[in-house]
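Since the structure comes first, as structure tokens, the remarks are kept for the end.
The values are calculated or read from the model by the stated rules, or taken from the named source; none is laboratory data. Here the structure is a predicted model, which means the values were calculated and not measured. Note that we place each Cβ from the backbone using ideal geometry, even for glycine, and neighbour counts take in every protein chain shown. When the accessible area is computed, the model is the full protein with side chains, heavy atoms only, and any ligands, DNA or RNA have been set aside. Shrake-Rupley method; radii C 1.70, N 1.55, O 1.52, S 1.80 Å.
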Amino acid sequence: MTAPTPGALHHVELWVPDLDRAIASFGWLLEALGHTPFQHWDRGRSWQLGTTYLVIEQSPDLTAAAHDRCRPGLNHLAFHVADPPTVEALAAESRHHGWRLMFPDRHPHAGGPDQYAAYLENDDGFEAELIAIP
């Protein structure tokens, strides 16, 4: 593994209302994008790619029962994807893992004519954007 770039993200931690649901959706997506399982404990999991990892945790300190991406805080995670066919394959398979396509009437250019992407939302309201590398 190469040394981290100063200023790069070390990790991102998402608190989720249901760990099993999050593992089914985020675990599948992250592994499909090349992340590998990294840490495992009773209330959480993490997946790593390079020097950055993503944590999902069902914390006993949650102050709400649901995530609302339109409230202050995290709105979405956006991931680079190799190419448009891979975006399409992931978007198609995602519905079997707790995700739905957002903005289907504007897919794959919901972000504008110069961006090829799939905007996904999981059953807990978290958004993931899969953006093809031009």
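If only residues of the stretch 22-52 that are charged (D, E, K, R) and not in a helix (DSSP H, G or I) are counted, the one that is least open to solvent (accessible area, probe 1.4 Å) is R45.
If you go through the stretch 52-74 and keep only what is at pLDDT 95 or above and under 17 Å from the mean Cα position of the chain (by Cα), you end up with T52, Y53, L54, V55, I56, E57, Q58. Taking the condition open to solvent by less than 70 Å² (accessible area, probe 1.4 Å), more than 28 Å from Q115 (Cα to Cα), at pLDDT 95 or above and not polar (S, T, N, Q), does D83 pass? Criteria not met by D83. Of all the residues in the stretch 30-88, those that are among the hydroxyl-bearing types (S, T, Y) and out of contact with any Phe, Trp or Tyr (no Cβ under 7 Å at 6 or more places or on another chain) number 4. For the stretch 8-21, taking the residues that are open to solvent by less than 90 Å² (accessible area, probe 1.4 Å) and either among the polar types (S, T, N, Q) or not in a helix (DSSP H, G or I) (or both), the one that is farthest from E121 (Cα to Cα) is identified as A8. Within the stretch 90-102, the residues that satisfy the criterion of being more than 20 Å from P113 (Cα to Cα) and over 13 Å from the mean Cα position of the chain (by Cα) are A92, E93, R95, H96.
This table checks each residue for (1) touching a Gly at 6+ places or on another chain (Cβ under 8 Å); (2) in a loop (DSSP other than H, G, I, E, B); (3) not basic (K, R).
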site	(1), (2), (3)
I56	yes, no, yes
G73	no, yes, yes
L77	no, no, yes
A89	no, no, yes
A92	no, no, yes
R95	no, no, no
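Of all residues in the stretch 107-122, those that are in contact (Cβ under 8 Å) with a residue 12 or more places away in the chain and assigned to a loop (DSSP other than H, G, I, E, B) have Cβ atoms under 7 Å from Cβ atoms of residues that are surrounded by fewer than 19 Cβ atoms within 10 Å (Cβ to Cβ) and of a type in the set (A, V, I, L, M), 6 or more apart or on another chain, in H107/L101; Q115/I131; Y116/A132.
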